[in-house]
Amino acid sequence: MSGETEAVYSEDSYLSTMEARLLRVEGETGLVFDRSNFFPAGGGQPGDQGFVERADGSQIPIVDTRHGENRTTILLMAGEGAGLPDPGETVVLHVDWPRRYRLMRMHTALHLLTVACPYPVTCAAVGEDEGRIDFDLPEAETGKDEVTEALMALVRANHPVSIRWITDAELDANPGLVKSANVRPPRGSGRVRIVAIGAEGEIDSQPCGGTHVSETQEIGDIHVAKIEKKGKTNRRFRLRFGLPPA
């Protein structure tokens, strides 16, 4: 299928507004543009929301963002009953920035959690108010206060967060970059996106397609709210924004 979507968000997570040209409509409400600053759901992070602004100033609400079937396109899902633009029309894409930024902060915090708790990851989910990671861990060796302290030390150190790309062969040569015990980074494009924390990625480097802040201090106060037993060898760590309850 012709017309791939340029994933602009993958290079600039802070670009909340930009112009794009509609290529086509898929299904009833799936808008496919030539480029997108909207993040499509994946890797535990939900898809972006926001609105599309037409030349006459009218707005089309976007309630979700998804990958197309072949993953080379991005679908901005318009709200039901919205009048849709015509193919070829140039519009302005507006990401719901407050929501996106909270997701960026939480996603980066979850990466830091894998540094504070260096165990294989079995599952993860990014939320606006809470994020979680399941670790392959028979028994939690430290309590939530100790993990929170280690996590906040990384936040306050204000490590830079950056993006780089490696080849599939480079990933194969460095299997330790993959922290997930169950999911492997998508292959086929010839390159893999790495999110690196630290000047040279010395704090953490792992494959990830999500959106992140540029410095760890942007995360702000965050704490481990709960550690749950979810199986014989599975422990779920829940992160929430703010200081721990007194």
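A short reminder: the numbers here are calculations on the coordinates, not readings from a lab. Just so we're clear, the structure is a prediction, and the values are computed from it rather than from any experiment. Glycine gets a Cβ as well: all are built from the backbone with ideal geometry, and neighbour counts include every protein chain shown.
A Cβ-based charge dipole, computed about the Cα centre of segment 22-76 with Lys and Arg at +1 and Asp and Glu at -1, lands at about 140 debye.
Please give the length that would be gained between GLU200 and GLU146 if that part of the chain were fully extended, namely 0.36 nm times their separation in residues minus their C-alpha to C-alpha distance (nm, one decimal). If you can, show how the numbers build up before the last one.
Working: separation 54, 0.36 × 54 = 19.44 nm, distance 2.65 nm.
Roughly 16.8 nm would be gained on extension.
Label-to-label distance for VAL63 and ALA246 is 4.2 nm, based on points extended 7 Å past Cα in the beta-carbon direction.
In deg cm²/dmol and to the nearest 500, what is the mean residue ellipticity at 222 nm of the chain if only DSSP H runs of at least 4 residues count, each as -39500 (n - 2.57), divided by the residue total? Helices in the chain give a 222 nm mean residue ellipticity of -5000 deg cm²/dmol.
Across segment 198-215, rounded Karplus estimates of 3J(HN,Hα) from the backbone phi angles (6.51 cos²θ - 1.76 cosθ + 1.60, θ = phi - 60°) give x, 4, 10, x, 6, 7, 6, 9, 7, x, 6, x, x, 9, 9, 6, 9, 9 Hz, Gly and Pro being marked x. Using C-alpha pairs under 8 Å with a sequence gap of at least 6, the mean separation divided by the residue count of the chain gives a relative contact order of 19 percent.
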